[in-house]
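The structure under discussion appears below in the form of structure tokens.
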Amino acid sequence: MAVSSRPGVLMLGRVRHAKAEFGKLSEVADVTQLTSGTRDDFLRDCDAGRYDSVVAISRTYDSVKITGRFDAELIAHLPSSVKFISHNGAGYDQIDIQPCTERNISVSNTPTAVDAATANTALFLILGALRRAWIPQAAIRDGKWRGQTPLGRDPDDLTLGILGMGGIGTATAKRAAAFGFTLQYHNRRPVETLDSQFPEQSVPRYVDFERLLRTSDVISVHLPLGPATSRLIGAREFSMMKDGVIIVNTARGAIIDEEALVGALESGKVWSVGLDVFEQEPAVHPGLLSHPGAVLLPHVGTATVDTQRRMETLVIDNVRSAVTRGKLLTQVDEQKRPAAKM
């Protein structure tokens, strides 16, 4: 039997929206798709040489159910032919980047494709948290009309602190500017292009991390999850914030110590929260589920047909570029520059 001279591509998980684009990958590569199995099965198949021709691996967020995390153990089992991993998601905490880098495996994610949908979700949660929207929603569904609905807050002249001014943070800030927020942000480094993206009167100002905590009325989290950001916001950070602060998180739940967040909610330090992500998904802290000041969504920030299609298409474009040009289109930041402290 003749051995194919074309590069191999392994697709982990299902393609649901960009099926035509996925089908065309077979024009440039031998494509294998894996949609079931266990981590032990996958490691055993790797060791048995089943994937020895694979140059690029494409993976969905849900494929973690098949393989587990792409941690150092799994990466050590990958065949030496693997040079690229294309991940479907802006966040890529399911992949340990350092062992990939040590093996000269380049990793891509899907920035830009998720910016609009996630920013729209953030604004939905910001406005909902300003009105403590769960209280009147629950009241009317329970036949109590407004029930015990408190007066909310208007965004005009409140200070919104954006924690993480990447694509999603910037898209959120642009939308928030229209509601009258005063904008400030903290990032690993100041963003030099903001002056050209905002009207002069609404350009977000750069502040250090502590100042953002101390002076923001609303804090919206848009950071990637990694060793430097895991539980970045805990009891100490909540103590620095204004009394009655509002917290919104559409990034990753583990950036915030959920136990400390519940404590701050119960004490009134935090007036309300808007959360699309949680520390131990799909489990949610009971204190959040029962608190009237919590506006909660089950990690649906990118759950639109349009965004899912854009994400899948970008993943496939990354794979095609990898096998035809030898490079990824959207390689993760850690592999392009040294990590910086928050």
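The values are calculated or read from the model by the stated rules, or taken from the named source; none is laboratory data. Just so we're clear, the structure is a prediction, and the values are computed from it rather than from any experiment. Heads up, the Cβs are rebuilt from the backbone with ideal geometry, glycines too, and the neighbour counts pull from every protein chain shown. Accessible surface areas use protein heavy atoms only, side chains included; no ligands, DNA or RNA. Shrake-Rupley method; radii C 1.70, N 1.55, O 1.52, S 1.80 Å.
For Met165, the accessible surface of its heavy atoms amounts to roughly 10 Å² (probe 1.4 Å, protein chains only, rounded to the nearest 10). Think of each Lys and Arg Cβ as +1 and each Asp and Glu Cβ as -1; about the Cα centre, that makes the dipole of region 1-96 roughly 340 debye. The residues Tyr185, Tyr61, sorted by heavy-atom accessible surface at 1.4 Å with ligands and nucleic acids left out, run Tyr61, Tyr185 from largest to smallest.
When a 1.4 Å probe is rolled over the protein heavy atoms, the share of accessible surface on region 98-254 that falls to carbon and sulfur comes to 50 percent. Between His77 and Ala228, full extension at 0.36 nm per residue minus the direct alpha carbon distance yields a gain of 51.7 nm.
In the assembled protein chains, Phe209 presents an accessible area of approximately 40 Å² (probe radius 1.4 Å).
Note the listed values (1) 131; (2) 141; (3) 150, then indicate which one is volume of the Cα convex hull per residue in Å³ calculated from this particular structure. Evaluating volume of the Cα convex hull per residue in Å³ on these atoms matches (3). Charged side chains reduced to their Cβ positions (Lys and Arg at +1, Asp and Glu at -1) give region 156-230 a dipole of some 240 debye around its Cα centre.
Taking all protein chains into account, the per residue accessible area for region 165-273 stands at 42 Å² (1.4 Å probe).
Rounded to the nearest 20 debye, the dipole magnitude of the chain is 500 debye, with +1 charges on Lys and Arg beta carbons, -1 on Asp and Glu beta carbons, and the Cα centre as origin. Listed values for region 123-139 are Karplus-derived 3J(HN,Hα) couplings in whole Hz (6.51 cos²θ - 1.76 cosθ + 1.60, θ = phi - 60°), namely 5, 4, 6, 4, 5, x, 5, 4, 9, 6, 5, 5, 5, x, 4, 5, 5, and x replaces Gly and Pro. Checked against a 29 Å cut-off, the cross-linked pairs Lys144/Lys174; Lys24/Lys174; Lys24/Lys327 give Cα-Cα distances beyond that limit for Lys144/Lys174; Lys24/Lys174.
Listed by chain and number, the lysines placed with their C-alpha closer than 25 angstrom to that of Lys269 are Lys242; residues fewer than eight positions away on the same chain are left out.
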